[in-house]
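Peer 1: Handing you this structure, nothing more for now.
What follows draws every value from the coordinates through simple rules; no lab data is involved. Please read these numbers as outputs of a predicted model, since none were measured by experiment. Counting neighbours? That spans all protein chains shown, and the Cβs are built from the backbone with ideal geometry, glycine included.
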Amino acid sequence: MALVEEMEPEIEDLLLRIAPSLPNDWQGASSEEIDKIETIAGRPLPKFYLWFLSRMGRSMGPLTYPTLDFTAPRVLSCYADELFPPHPRFLMIGHESDEVMPAHLLYDFDHPARDDARIVSMEHIDGVVRNQFETFREMIGWGKFLSYRVNRFPHRCTGAFVDDEGDVLSRLDPLMESLGFTAPIPTGACCALYDSTQTGMVSSCAPGDEPCLHFFVLGGHDVGSLRRTLGAIRNETGLGVEIRSWDPPSSG
């Protein structure tokens, strides 16, 4: 196996940038724990999941989710307790402790993508399958970039981009690049992260849905820069831009 720091350089660089203390607190799973999870999966684990377990399989440090536990010991204990039986298609990787909505997260190996696979939520193995992200990489990148970058700007706008032809990001990506935004991690048609010195944005839709509607959160230092970005998107891409809310509230 490649050196862990060489396995997923983009996501590792992103997480270390937004959470500089991470190397002091993350803790990887043991090779024995990783081998046991792979045995349960009955197949080679996706490259991204191998990186995740090697880096954060025992602790995500400051990136830990409030109610979701992705640690290797928790995954193994769930299978030992038969919360989920081994399955040829699904592998539970995240235990949800919220008793009101106990939607655990699983890999769906029927939908591989970019050295990774689709993430779905289920209450139990025979329950309703709800698509979440095309990859675990995108779930981690989107969620942590939103929390640690976009939501920490003093001004934010939420809304939706609409494209009747169903290809929002093919219109959006070239414009955002021309405006000076970079894409911190590789993504597919259902998720995008955009970063610049003054502004950050995430955009996403659930895989399997019609990709004509992407929900976005745009953050920046002032309302004017956000309005200019949204104006350029509306005027130069042909996308419909639906504004849902401003935080703090903005008039006009």
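Peer 1: Using 0.36 nm per residue, how much length does the chain from ILE125 to LEU16 gain when fully extended, once their Cα-Cα distance is taken away? The partial results should precede the final answer.
Peer 2: On the way: separation 109, 0.36 × 109 = 39.24 nm, distance 3.46 nm.
Stretched fully, the ILE125-LEU16 segment lengthens by 35.8 nm.
Peer 1: Let me understand segment 67-173 better: what is its radius of gyration from the alpha carbons, and its Dmax, in angstrom?
Peer 2: Looking at segment 67-173, its Cα Rg and Dmax stand at 16.3, 47 Å.
Peer 1: Right, here's the next one. Give the range of the longest stretch in the chain that excludes all GluC sites (Glu not before Pro) found in loop regions by DSSP and having at most 15 other beta-carbon atoms within 10 Å. Numbers along the way, then the final one.
Peer 2: Numbers: sites that count: GLU82, GLU99, GLU123, GLU165.
Excluding the exposed sites themselves, the longest stretch runs over 166-252.
Peer 1: Taking Rh as the Kirkwood radius, which is the inverse of the mean 1/r over Cα pairs, what is the Rg/Rh value for segment 4-139? Write out the running numbers ahead of the final one.
Peer 2: On the way: Rg = 14.1 Å, Rh = 15.1 Å.
Answer for segment 4-139: 0.94.
Peer 1: Ranked by Cβ crowding within 10 angstrom, fewest neighbours first, how are MET122, MET201, MET56 ordered?
Peer 2: Numbers: MET122 20, MET201 27, MET56 23.
Exposure proxy ranking, most exposed first: MET122, MET56, MET201.
Peer 1: In addition: Could you give the alpha-carbon Rg of the chain over 2.2 N^0.38 Å, rounded to two decimals?
Peer 2: On the way: Rg = 18.9 Å, N = 252, 2.2 N^0.38 = 18.0 Å.
Rg over 2.2 N^0.38 Å, computed on Cα atoms: 1.05.
Peer 1: Placing one identical point scatterer on every Cα of segment 149-247 and ignoring solvent, what is log10 I(q)/I(0) from the Debye formula at q = 0.16, 0.19, 0.21 Å⁻¹?
Peer 2: -0.59, -0.86, -1.07
Peer 1: So what's the angle, to the nearest 10 degrees on a 0 to 90 scale, between helix 136-148 and the longest Cα principal axis of the chain?
Peer 2: Computed tilt is about 50 degrees.
Peer 1: Using only Cα atoms and rounding to the nearest 10 degrees, what angle (0 to 90) does helix 31-41 make with the longest principal axis of the chain?
Peer 2: 80 degrees
Peer 1: Per residue of the chain, what 222 nm ellipticity follows from adding -39500 (n - 2.57) for every DSSP H run with n ≥ 4, rounded to the nearest 500?
Peer 2: Details: 9 runs with 87 residues, N = 252.
Calculated at 222 nm, the ellipticity per residue is -10000 deg cm²/dmol.
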